[in-house]
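**Q** The structure under discussion is supplied below as structure tokens; questions concerning it will follow.
None of the figures in this text is laboratory data; all of them are computed from the coordinates on show. Computed from a predicted model, the values in this text were never measured in an experiment. Here the Cβ positions follow ideal geometry from the backbone for every residue, glycine too, while neighbour counts run over all protein chains shown.
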Amino acid sequence: MIRYTTIPAILSLLLLVSCSNESEAPVATQAGAETNAGPSIEEVSVAMGLDNVDSLMFTGTAWRIRNSFRQTLTASPPWPERDQISNWTQAIDLNAPAMLGSGDTFSSNLFFDPPAVGTHVINVPANTESWRQQLEIWLTPWGFVKGAQRFEAQSSAVEMDGISYTMFTFLSPESMISPSGMRYTVNGYVNTDNLVVRTETWVEDAFMGDMRVVGVYDDYMSYNGLMVPLSIEQQRGEGGVFGIDVSSASANPTNLSSLIPAPESSAGERGSPPASEVPADLTQALGDGAWLVGGGYQAMVVEFTDHLAVFESGQSESRGEQIIQQIRDNISDKEIRYIINSHPHSDHTAGLVPFIREGATLVTHDNNVDFLRMALTTSRTLLGEETFVPEVMGISGVGVMEDESNRIELHAVPNLHTDGMLVALLPSQGVLFQADFTLPQPGAEANPFVKTLARYIEESDVQFEQYLAVHAAQVEQTRNDLLATIANE
Ligand SMILES: [Zn+2]
């Protein structure tokens with residue numbers, strides 16, 4: 001049984017204007033911050049056993065978030081699906097600074113494929129200019145202490161969850177700045193044993209804004225004087241994405257050069273790729289005020305009397321801009337009032353930002369509202385951009401957008417790929433448009449997601465001719481092709 005809900009009803013219930021923020025903006029703590037009775041960074045270095053340490057290594061087991069950050073079953077954390085990593089070995093050269101960690105994985109992809117053998121690597125080569133890479137070193141407890149000494153950290157007394165800490169804050173070197181020209185802020189929380197239990201920094205992200213990255217360190221143990229947390233976790237988007245259970249560690253390993261080999265010099269010159277010719281018109285009419293925008297991740301545009309609705313925004317910010325340009329050049333100048341998101345995975349949300357800048361209301365599955373709003377209302381100071389104030393609308397069951405000229409039905413389809421999936425039905429054009437429900441190659445078995453959609457379409461008696469995809473198929477596909485995936489059940 002399909003529950004039909006009209007957009008005005010959803011609007012009154014669920015149209016929510018953003019107001020909160022993930023975390024404080026990465027404004028640098030001003031020099032001259034109040035000193036407190038807590039330890040000096042030199043005392044922390046002594047307690048951590050770091051005074052004569054230039055490098056260290058440790059081993060253990062690790063885990064990583066399944067698939068990757070923002071490719072999870074649920075948009076919001078916690079993300080319990082994890083892949084285990086064995087034989088984890090990590091070495092840090094605190095002077096270069098450089099770091100290399102690696103281990104064996106046996107990882108599952110998209111929750112159903114047979115697990116694949118692989119190697120998980122975190123590589124921060126010396127002299128990297130990327131803060132995104134270097135923060136991996138500064139966020140370690142040992143990197144934090146060395147950075148706090150080198151870059152003259154300020155300290156202050158703070159309280160977190162009712163416990164008092166001394167917080168040290170330093171800024172990235174002058175040579176390492178964000179696109180807006182800001183030095184990056186690094187905070188470290190030191191407990192009453194003078195051990196670093198938590199670190200944090202912010203890095204610019206086209207979708208997440210000033211994205212906070214947090215290191216959490218627990219269960220310290222001394223390895224010949226070097227203090228090492230047996231439990232290590234990194235968090236992004238407020239959820240754990242990577243962690244290590246340490247089983248051995250040592251300071252100043254004599255084989256450092258083999259643990260962190262010098263990078264091979266890049267061979268040959270890498271010429272810039274030839275500018276690809278983008279056809280002037282990537283749009284294709286689907287009949288009755290509906291168009292497909294081809295090229296890369298496909299989008300669908302539906303025209304109403306006084307506005308447009310767009311389903312899917314592309315896999316990158318530049319693709320989102322291209323879709324808007326294609327609409328303006330080849331379809332319509334009407335207001336883009338709604339940008340509809342198929343599901344919250346990173347490759348299906350990166351293109352939302354240009355539409356948000358245009359003032360479009362984001363329409364997404366109810367389950368994605370909190371996370372997408374949090375991401376899109378986070379400050380964007382590192383990028384040098386104003387904070388967005390997007391309107392976000394949640395859909396569950398079936399949402400309908402309709403006026404006298406056109407109609408879209410947005411069906412929430414429960415499935416294993418994500419718990420926040422919408423597919424779009426254009427009843428009068430006879431089109432179903434979807435993301436990631438890719439039909440199998442001839443003769444191959446369909447994946448479980450496709451079968452779930454096929455069962456839904458059959459049970460709900462959803463009618464259409466053309467089966468169109470964000471990931472364009474090479475051949476024309478129909479409702480019958482979709483239903484064929486469950487023909488033998
Ligand atoms: Zn996906």
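**Q** Which of the peptides 208-217, 464-473 is most tightly packed, and how do the rest follow, going by the mean number of other Cβ atoms within 10 Å of each residue? Intermediate values should be presented prior to the final figure.
**A** Working: 208-217: 22.4, 464-473: 17.0.
Packing order, densest peptide first, comes out as 208-217, 464-473.
**Q** For each of L286, L416, count neighbouring Cβ atoms within 10 Å of the residue's Cβ, then give the residues from fewest to most. Each step should come with its number before you reach the end.
**A** Numbers: L286 19, L416 14.
With the fewest neighbours first, L286, L416 line up as L416, L286.
**Q** Run through the DSSP bridge list for region 391-489 and note the antiparallel percent, rounded to the nearest 5.
**A** Numbers: 13 of 17 bridges.
Roughly 75 percent of the beta bridges in region 391-489 run antiparallel, per DSSP.
**Q** Here is a follow-up. Specify whether the C-alpha gyration tensor of the chain places it in the rounded, prolate or oblate class, a ≥ b ≥ c being the square roots of the eigenvalues: rounded for a/c under 1.5, otherwise prolate if a/b is larger than b/c and oblate if not.
**A** Working: a/c = 2.18, a/b = 1.84, b/c = 1.18.
Since a/c reaches 1.5 and a/b is larger than b/c, the shape of the chain is classed as prolate.
**Q** Tally the DSSP beta bridges in the chain and give the antiparallel ones as a percent, rounded to 5.
**A** Working: 105 of 123 bridges.
DSSP beta bridges in the chain are roughly 85 percent antiparallel.
**Q** A further question on this structure: Can you sort R455, R328 so the residue with the fewest Cβ neighbours within 10 Å comes first? Present the calculation step by step, with values, prior to reporting the outcome.
**A** Numbers: R455 16, R328 12.
Taking fewest neighbouring Cβ atoms as first place, the list is R328, R455.
**Q** Give a quick list of GluC sites (Glu not before Pro) in region 132-233 that DSSP marks as loop, anything other than H, G, I, E or B, with at most 13 other Cβ atoms within 10 Å. Walk me through the numbers before you get to the answer.
**A** On the way: sites: E136, E152, E159, E174, E200, E204, E233; in loops: E152, E174.
For GluC sites (Glu not before Pro) across region 132-233 that sit outside H, G, I, E and B with at most 13 neighbouring Cβ atoms in 10 Å, the list reads E152, E174.
**Q** Could you list which residues have their amide H under 5 Å from that of I331, counting only those 5 or more apart in sequence or on another chain, with H placed in the peptide plane?
**A** Result for I331 returns nothing.
**Q** Okay, helix-only estimate at 222 nm for the chain: each DSSP H run of n ≥ 4 adds -39500 (n - 2.57), divide by all residues, round to 500 deg cm²/dmol; what do you get?
**A** Values: 10 runs with 82 residues, N = 489.
Theoretical 222 nm ellipticity from helices: -4500 deg cm²/dmol.
**Q** If you take the square roots of the eigenvalues of the alpha-carbon gyration tensor of region 402-489 and sort them as a ≥ b ≥ c, do you get rounded (a/c under 1.5), prolate (a/b over b/c) or oblate?
**A** Cα axes put region 402-489 in the prolate bin.
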